[in-house]
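What follows is one structure encoded as structure tokens, with my remarks underneath.
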Amino acid sequence: MPLTPAGSPSAAITLRGLSKHFGDTRAVDGVDLDIADGEFFSMLGPSGSGKTTVLRLVAGFERATAGTVELAGEDVTTRAAFDRDVTTVFQDYALFPHMSVLDNVAYGLRVRGVGKDARRKQALEALGTVQLAHLKDRRPGQLSGGQRQRVALARSIVVRPKVLLLDEPLGALDLKLREQMQVELKQLQRDLGITFVFVTHDQEEALTLSDRIAVFSDGRIVQLGTPREIYEHPTSEYVASFVGTSNIFDAATSTRLLGRDATHALRPEKISLSGADEVDPGTTDGVVRAPGVVTESIYLGTGHRIHVRLDAGGSLVVLEQSTGGRVAREQRGEKVVASWSLDDLVTLT
Amino acid sequence: MILSSTVRRVLVALTGLVLLVMYLPLVVVVINSFNPSRTLTWPPTGVTLEWWRRAWESEGARDAVVSSVEVAVASTVIALVLGTLMSLALQRYRFFGKSSVNLLVILPIALPGIVTGIALNNAFRGILGIQLGILTVIVAHATFCIVTVFNNVQARLRRMGGSFEEASADLGAGVWTTFRLVTFPQLRSALLAGGLLAFALSFDEIIVTTFTAGAGTTTLPIWILNNLFRPNQAPVVNVVAVVLILVSILPIWLAQKLSGDTEALR
């Protein structure tokens, strides 16, 4: 997806040279980013990578040290949070404990001066969207984690913001609920047509949900692209290892194994194993076959994760799916040949 | 933890002894306020309301009660406003000299009353040239009353975290609306607890008061001190002491109950 030019009406958020320093720490260090209108955009990175600070700068909770924030082409860098057309779903939900669920959802309308009946009606509608209309009179303290999450969502969308910011909103939920909420979030975003900016450290979540992903490290964006681009064509070792699992061949191993003097990454699921007596090692027709010894085989339910020490040096992680009743025969100590297509190798810089 | 029965008996006895030493004298004061003997002979030979009637009719005692209430209410109000503003500033914003300000606010409660008293006395009369009176007492009491409000509000704000206020701003509420609809409702019980403590502290304060009251102003504790050793007044002093006990203990008990209740709610 091409970058939209700054200030063009189709850019919901435009960041230029955005930096935030806390004392000597550069939490955000010169971020340039354009997020398109209606996009589901994820900021992915480990804790401390600056993704949450970028979100807080967009929301207006932090004042930028340098750079600008534009919303729909308008410079809002120095505007207060209440003066920006974005709302946030907080990691801890931040539901007002002294108000009922309905009053929480109606809050944004109340402070905008919407009349009592009108705001009750709209809040109930928003609660209906997240299937919680029946809990309108409860206090937040009486809700489960998943329900609180939905109330927070309803409270944020009821004011019809142009952009919804989500700060690791699924982090506190258990796996089943997470997966269900992922589907609902995606659906909600499609129905509302609002731009979603989603902060997460969970690479799988980012890959599943997003139109585009920005991978953060040390306050900078290290790679920006569609989930497929990020996963299949990582440009750095950092991205290759952070997003999914990768086998990294350093320059020395690459030279021995492939005859190429550069660092390479290879996804575990792109490798297949055969018995040492079944195929001959060597590279033919664009397929690399490297002999080695199985050092570990771990049963995963959906398949096996097998660790192989290559005769040429270095080790591999291989993911074998259990398909068609095939059982992984590889046992520890067994000699095998690992093979993969040259096309599946990613050259890193 | 399981204690052996001997240890438990010893601990029970010790606890009883400590409580006895603390509360028996108070009980004696209460009983003596109904003791018909002018010299408070023990044990009392009957029950009388004579001293209560005399205390009620004593203009000095009544004026002292009024002064004490005025001082306590005024300094509590000052403490509530300033203490809340101060804890909001220190808990929600970053600024230069923040930790020093934090320490300076709490210090007055640790400072010996006599030092505060002398210092304020010098400042009011010597430097500012203000006549001592009820206003100077109010200001003096407010210096330490602020601390109880500050501590209560500070603790509540810390536990609240900042995300409610951020959520409110995020949904479009300005600073004042956020305080009115989100922050204040959650501070209410902390303010009540802090205010009641401040009231109780001010109501029975004597040292700082002595140095800042001047000749014309008599609060209840000062009236007691002045009358304790006068012949004929001892029984009336007992009655006033009982009133003082009630007025001081009630707010503390309420404050504790309130902060305990909100604890349980969370």
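The values are calculated or read from the model by the stated rules, or taken from the named source; none is laboratory data. Bear in mind the structure is a predicted one, so any value in this text is a computation, not a measurement. Neighbour counts are summed over all protein chains in view; Cβ atoms, including those assigned to glycine, are modelled from backbone coordinates with ideal geometry.
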(message) Can you tell me which residue is surrounded by the fewest Cβ atoms within 10 Å (Cβ to Cβ) among those in region A:98-113 that are under 24 Å from A:G145 (Cα atoms) and within 7 Å of chain B (Cβ to nearest Cβ)?
(response) A:H98
(request) Could you tell me which residue of region A:154-191 is surrounded by the most Cβ atoms within 10 Å (Cβ to Cβ), considering only residues that are of a type in the set (A, V, I, L, M) and part of a helix (DSSP H, G or I)? (result) A:A154
(message) Restricting to region A:192-203, name every residue that is part of a helix (DSSP H, G or I) and either without any contact (Cβ under 8 Å) to a residue 40 or more places away in the chain or touching a Pro at 6+ places or on another chain (Cβ under 9 Å) (or both).
(response) A:L192
(request) Select from region B:222-240 the residues that are buried (at least 20 other Cβ atoms within 10 Å of the Cβ) and closer than 17 Å to B:P25 by Cβ and list them in ascending order. (result) B:I224, B:P235, B:V237, B:N238, B:V239, B:V240
(request) Being touching a Leu at 6+ places or on another chain (Cβ under 9 Å) and crowded, with 16+ Cβ neighbours inside 10 Å is the filter; apply it to region A:271-291 and report the residue that is farthest from A:D202 (Cα to Cα). (result) A:P291
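This table checks each residue for (1) within 24 Å of A:V58 (Cβ to Cβ); (2) in contact (Cβ under 8 Å) with a residue 40 or more places away in the chain; (3) among the polar types (S, T, N, Q); (4) not assigned by TED's automatic domain parsing to the domain that holds A:K51.
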residue: A:N104; (1), (2), (3), (4): yes, yes, yes, no
residue: A:V111; (1), (2), (3), (4): yes, no, no, no
residue: A:Q131; (1), (2), (3), (4): no, no, yes, no
residue: A:H134; (1), (2), (3), (4): no, no, no, no
residue: A:S144; (1), (2), (3), (4): no, no, yes, no
residue: A:R155; (1), (2), (3), (4): yes, yes, no, no
residue: A:R160; (1), (2), (3), (4): yes, no, no, no
residue: A:D167; (1), (2), (3), (4): yes, yes, no, no
(request) Only residues in region B:200-216 that are more than 13 Å from B:S68 (Cα to Cα) count as the first member; pair them with residues that are of a type in the set (S, T, Y) and assigned to a helix (DSSP H, G or I), Cβ under 6 angstrom, at least 6 apart or cross-chain, and list the lot. (result) B:V208/B:T116; B:T212/B:T136
(request) Say whether the condition of being in a helix (DSSP H, G or I) and farther than 29 Å from B:L191 by Cα is met by at least one residue in region B:42-50. (result) yes
(message) Is it the case, given these coordinates, that B:Q131 is at pLDDT 90 or above and polar (S, T, N, Q)?
(response) no
(request) Filter region A:294-337 down to residues that are exposed (fewer than 14 other Cβ atoms within 10 Å of the Cβ) and at positive phi and give me whichever is modelled with the lowest pLDDT. (result) A:G325
(request) Take B:G172 and decide whether it is within 14 Å of another protein chain (Cβ to nearest Cβ) and touching a Lys or Arg at 6+ places or on another chain (Cβ under 8 Å). (result) yes
(request) Would you check if B:L187 is in contact with a strand residue (DSSP E or B) (Cβ under 7 Å, 6 or more places away or on another chain), among the hydrophobic types (A, V, I, L, M, F, W, C) and at pLDDT 90 or above? (result) no
(request) Considering only region B:181-223, state which residues are touching an Asp or Glu at 6+ places or on another chain (Cβ under 9 Å) and in a helix (DSSP H, G or I). (result) B:V182, B:T183, B:S189, B:L220, B:P221, B:W223
(message) What are the pairs with Cβ atoms under 6 angstrom where one residue, in region A:236-265, is assigned to a helix (DSSP H, G or I) and the other, located anywhere, is of a type in the set (S, T, Y)? Sequence gap at least six, or different chains.
(response) A:Y238/A:S217; A:A240/A:S246; A:A251/A:T263
(request) Name the residue, out of A:G225, A:G219, that is in the same structural domain as A:A27 (by TED's automatic domain parsing), free of Cβ contacts under 8 Å to residues at least 40 places away in the same chain, closer than 30 Å to A:L55 by Cβ and surrounded by 15 or more Cβ atoms within 10 Å (Cβ to Cβ). (result) A:G225
(request) Mind listing whichever residues of region B:178-187 are under 19 Å from A:V158 (Cα atoms) and facing chain A (nearest Cβ under 7 Å)? (result) B:V182
(request) Please work out which one of (1) under 30 Å from A:R63 (Cβ atoms); (2) of a type outside the set (A, V, I, L, M); (3) part of a helix (DSSP H, G or I) is the condition B:R94 fails and give its number. (result) (3)
(message) For A:V151, only one of the following conditions fails: (1) part of a helix (DSSP H, G or I); (2) farther than 24 Å from A:R56 by Cα; (3) of a type in the set (V, I, T). What is its number?
(response) (2)
(message) Please count how many residues of region A:87-97 are more than 8 Å from chain B (Cβ to nearest Cβ), in contact with a strand residue (DSSP E or B) (Cβ under 9 Å, 6 or more places away or on another chain) and of a type outside the set (S, T, N, Q).
(response) 1
(message) So if I check each of B:A190, B:A200, which one is among the hydrophobic types (A, V, I, L, M, F, W, C), crowded, with 21+ Cβ neighbours inside 10 Å, within 14 Å of another protein chain (Cβ to nearest Cβ) and farther than 26 Å from A:R112 by Cβ?
(response) B:A190
(request) May I ask you to say which residue of B:G216, B:G162, B:G195 is out of contact with any strand residue (DSSP E or B) (no Cβ under 8 Å at 6 or more places or on another chain) and either within 24 Å of A:F96 (Cα to Cα) or within 14 Å of chain A (Cβ to nearest Cβ) (or both)? (result) B:G162
(message) Need the failing condition index for A:G48 against (1) more than 10 Å from chain B (Cβ to nearest Cβ); (2) without any contact (Cβ under 8 Å) to a residue 24 or more places away in the chain; (3) closer than 24 Å to B:S168 by Cβ, just the number.
(response) (3)
(request) Considering (1) under 18 Å from B:I224 (Cα atoms); (2) within 30 Å of the chain's Cα centre (by Cα), say which one B:V21 fails and leave the rest. (result) (1)
(request) Filter region B:176-185 down to residues that are within 14 Å of B:S87 (Cα to Cα) and buried (at least 18 other Cβ atoms within 10 Å of the Cβ), then give me how many there are. (result) 1
(request) Within region B:102-133, work out how many residues are over 30 Å from B:R158 (Cβ atoms) and part of a helix (DSSP H, G or I). (result) 12
(message) Taking the conditions exactly as written (within 14 Å of chain A (Cβ to nearest Cβ), among the small types (G, A, S), surrounded by 21 or more Cβ atoms within 10 Å (Cβ to Cβ) and within 30 Å of A:V163 (Cβ to Cβ)), does B:A167 satisfy them or not?
(response) yes
(request) Could you please give the count of residues in region A:59-86 that are outside any loop (DSSP other than H, G, I, E, B), within 11 Å of chain B (Cβ to nearest Cβ) and in contact with a strand residue (DSSP E or B) (Cβ under 7 Å, 6 or more places away or on another chain)? (result) 2
